[in-house]
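**Q** Got a structure for you, questions after.
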Amino acid sequence: MPTLPRLALLAFVLAAPAAADTFEEIKVDAGARLFDAECRRCHATDASDPSYGPPLEHVVGRGAGTYPDYQYSAALAGSGIVWTQAALRAWMEDNDGFMPGTKMRHVGIEDRTVQDFILAYLTSISGGDK
């Protein structure tokens, strides 16, 4: 029996535009919708769009705590982490467990399928696979 998060994900995928002709395009579009539902209240994807947290355009492959003019916690700024897909997945699931002492507070995204879709979207706005 499908779980509620999987049913919600299916609804996002089915709502994808008909023009999306590959699975990857559908996955990215669903990821954009999930990003809007889960992450957008604090993060923009474009630096020209004001947000509470740092913008996430080009986040995949970027060093953690390095976006200019954002006041990161000492823990994140000094972490030396590069935002790979694996690091972002761990962050989405439990950012406090992954990096104690950060400023960001959110409810973890534990469903790996939802993480996959959001990661596909973040990768698409970061310039490719990382």
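The values are calculated or read from the model by the stated rules, or taken from the named source; none is laboratory data. Keep in mind that this is a model prediction, so the values were computed, not measured. Every residue, glycine among them, receives a Cβ derived from its backbone with ideal geometry; neighbour counts consider all protein chains shown.
Quick grid of which residues meet (1) surrounded by 12 or more Cβ atoms within 10 Å (Cβ to Cβ); (2) in contact with a His (Cβ under 8 Å, 6 or more places away or on another chain); (3) within 18 Å of residue 30 (Cβ to Cβ); (4) free of Cβ contacts under 8 Å to residues at least 24 places away in the same chain:
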site	(1), (2), (3), (4)
48	no, no, no, yes
55	yes, yes, no, yes
72	yes, no, no, no
88	yes, no, yes, no
96	yes, no, no, yes
104	yes, no, no, no
108	yes, no, no, yes
115	yes, no, yes, no
125	yes, yes, yes, no
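**Q** In addition: Among the listed residues 80, 61, identify the single one that is surrounded by fewer than 15 Cβ atoms within 10 Å (Cβ to Cβ), touching a strand residue (DSSP E or B) at 6+ places or on another chain (Cβ under 8 Å) and not in a helix (DSSP H, G or I).
**A** 80 is the lone residue from the list that is surrounded by fewer than 15 Cβ atoms within 10 Å (Cβ to Cβ), touching a strand residue (DSSP E or B) at 6+ places or on another chain (Cβ under 8 Å) and not in a helix (DSSP H, G or I).
**Q** Does the range 6-14 contain any residue that is surrounded by 13 or more Cβ atoms within 10 Å (Cβ to Cβ), outside any loop (DSSP other than H, G, I, E, B), among the β-branched types (Val, Ile, Thr) and modelled with pLDDT under 95?
**A** Yes - at least one qualifying residue is present in the range 6-14.
**Q** Can you name every residue in the range 41-63 that is basic (Lys, Arg) and either closer than 16 Å to residue 91 by Cβ or at pLDDT 95 or above (or both)?
**A** Correct list: 62 only.
**Q** Tell me whether the range 111-129 contains one or more residues that are among the aromatic types (Phe, Trp, Tyr), touching a helix residue (DSSP H, G or I) at 6+ places or on another chain (Cβ under 6 Å) and at pLDDT 95 or above.
**A** Narrowing the range 111-129 to residues among the aromatic types (Phe, Trp, Tyr): 117, 121.
With the extra rule that they be touching a helix residue (DSSP H, G or I) at 6+ places or on another chain (Cβ under 6 Å), the set shrinks to 117, 121.
Next cut, at pLDDT 95 or above only: 117, 121.
Yes: one or more hits.
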